[in-house]
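The values are calculated or read from the model by the stated rules, or taken from the named source; none is laboratory data. This structure is a prediction, so every number in the text was calculated from the model and none was measured. Virtual Cβ from ideal backbone geometry, glycine too; neighbours counted across all protein chains shown. The protein model used for the area step is the full one, side chains on, heavy atoms only, and it has no ligands, DNA or RNA in it. Shrake-Rupley method; radii C 1.70, N 1.55, O 1.52, S 1.80 Å.
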Amino acid sequence: MLGGTTEASALARLLAQAELRATLSYAGRTDNPRAQPVPIRVGGFGGVDGLAAYLRDHHITHLVDATHPFAATMSANAVEAARRAGVALIALSRPPWTAIAGDRWTSVPDLPAAIAALAGPPRRIMLALGRMHVDAFAAQPQHHYLLRFVDRPAAPPALPRHILVVDSGPFTVEEDVGLMQAHEIDLILCKNAGGSGAQAKLIAARTLGLPVMMIDRPALPQRMEVWRPDDVMAWLGHAADRGV
Ligand SMILES: NC(=O)c1ccc[n+]([C@@H]2O[C@H](COP(=O)([O-])OP(=O)(O)OC[C@H]3O[C@@H](n4cnc5c(N)ncnc54)[C@H](OP(=O)(O)O)[C@@H]3O)[C@@H](O)[C@H]2O)c1
């Protein structure tokens, strides 16, 4: 199981309950990955070749790609490595968010487009992106950025005007409304992750009438995809509700 998401953790619980042999793989992006009821491994495999070799060496029969919808490299590698190793693959994902009445969203296709779209007078922006991509926003140094990271980074972000909050979700709508008000945020920039874990900021933005710049999902190769951990259990031949 390729993890790093709430869905992967939920599936790990079901797999452990069903006493299936499973390993959960983390990229190693956070300092303290959450404890899991199945064995974990941490770190990249070394591209498609490395993952295909891992699948063969560990006699893997089923590969579940439960990575984040923006983990496009890992997901593409999973499709190709599973094909090469002759392993069955399924993706456990979530539907993208869609705007409803009261939302003020604009869409951009990717991160470079988001950065380009920020040209203009200074704003106070909540950058809900994770630490990997934040330094690229130094190209628009006129803005004040609010950052929220799971861990304190080794080096401070390369943004001249920013405030860093170290905290891990899920957050409530009340918490996010409070954060946006406390920092006088006038724009939220985020990825269209989907799912409920990171949705509070969107409801908070709607509540406060704030605009959201939404980065669309990256393109992924064709693969079988489901949205519920139970559907993966069914695919594995283990109906979760029977607990067998
Ligand atoms: N991108 C996001 O916005 C986001 C948000 C929340 C959580 N995450 C989680 O963070 C992790 C990294 O995401 P990313 O966007 O950096 O991925 P990515 O760009 O698609 O992957 C880059 C490289 O990281 C390694 N990798 C990624 N996921 C892995 C996993 N589950 N187990 C082992 N190696 C992994 C692979 O290295 P090798 O080529 O060496 O195998 C992969 O080629 C994923 O587990 C993802 O679910 C990502």
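Every residue, every condition in (1) touching a Pro at 6+ places or on another chain (Cβ under 9 Å); (2) outside the structural domain of residue 202 (by TED's automatic domain parsing), yes or no:
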| position | (1), (2) |
| --- | --- |
| 22 | yes, yes |
| 33 | no, yes |
| 39 | no, yes |
| 49 | no, yes |
| 55 | no, yes |
| 86 | no, yes |
| 111 | no, no |
| 118 | no, no |
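Do we have any residue at all in the range 18-31 that's away from the ligand (no atom under 13 Å from the Cβ) and touching a Gly at 6+ places or on another chain (Cβ under 9 Å)? Taking every residue of the range 18-31 in turn, at least one turns out to be away from the ligand (no atom under 13 Å from the Cβ) and touching a Gly at 6+ places or on another chain (Cβ under 9 Å). Within the range 169-223, the residues that satisfy the criterion of being more than 15 Å from the chain's Cα centre (by Cα) and hydroxyl-bearing (Ser, Thr, Tyr) are 172, 207. Quick one: which residue in 11, 63 is part of a strand (DSSP E or B), within 14 Å of the ligand (Cβ to nearest atom), touching a helix residue (DSSP H, G or I) at 6+ places or on another chain (Cβ under 8 Å) and touching a residue at least 60 places away in the same chain (Cβ under 8 Å)? Step by step, each of 11, 63 is checked, and only 63 is part of a strand (DSSP E or B), within 14 Å of the ligand (Cβ to nearest atom), touching a helix residue (DSSP H, G or I) at 6+ places or on another chain (Cβ under 8 Å) and touching a residue at least 60 places away in the same chain (Cβ under 8 Å). On the basis of being of a type in the set (Lys, Arg), assigned to a helix (DSSP H, G or I) and modelled with pLDDT of 95 or more, does residue 56 make the cut? Yes. In the set (1) open to solvent by less than 60 Å² (accessible area, probe 1.4 Å); (2) more than 20 Å from residue 69 (Cα to Cα), residue 175 fails one condition alone, (1).
Just to be sure before I move on: is residue 103 surrounded by fewer than 19 Cβ atoms within 10 Å (Cβ to Cβ), touching a residue at least 12 places away in the same chain (Cβ under 8 Å) and more than 16 Å from the ligand (Cβ to nearest atom) in the structure I sent?
Numbers: surrounded by fewer than 19 Cβ atoms within 10 Å (Cβ to Cβ): yes; touching a residue at least 12 places away in the same chain (Cβ under 8 Å): yes; more than 16 Å from the ligand (Cβ to nearest atom): yes.
Answer is yes for this residue.
Taking each residue of the range 15-28 that is under 13 Å from residue 232 (Cα atoms) and looking for partners that are β-branched (Val, Ile, Thr) and surrounded by fewer than 16 Cβ atoms within 10 Å (Cβ to Cβ) with beta-carbon atoms closer than 9 Å, six or more apart or interchain, yields 18/244. Looking across 177, 232, one residue alone is touching a helix residue (DSSP H, G or I) at 6+ places or on another chain (Cβ under 8 Å) and in the same structural domain as residue 32 (by TED's automatic domain parsing). It is 232.
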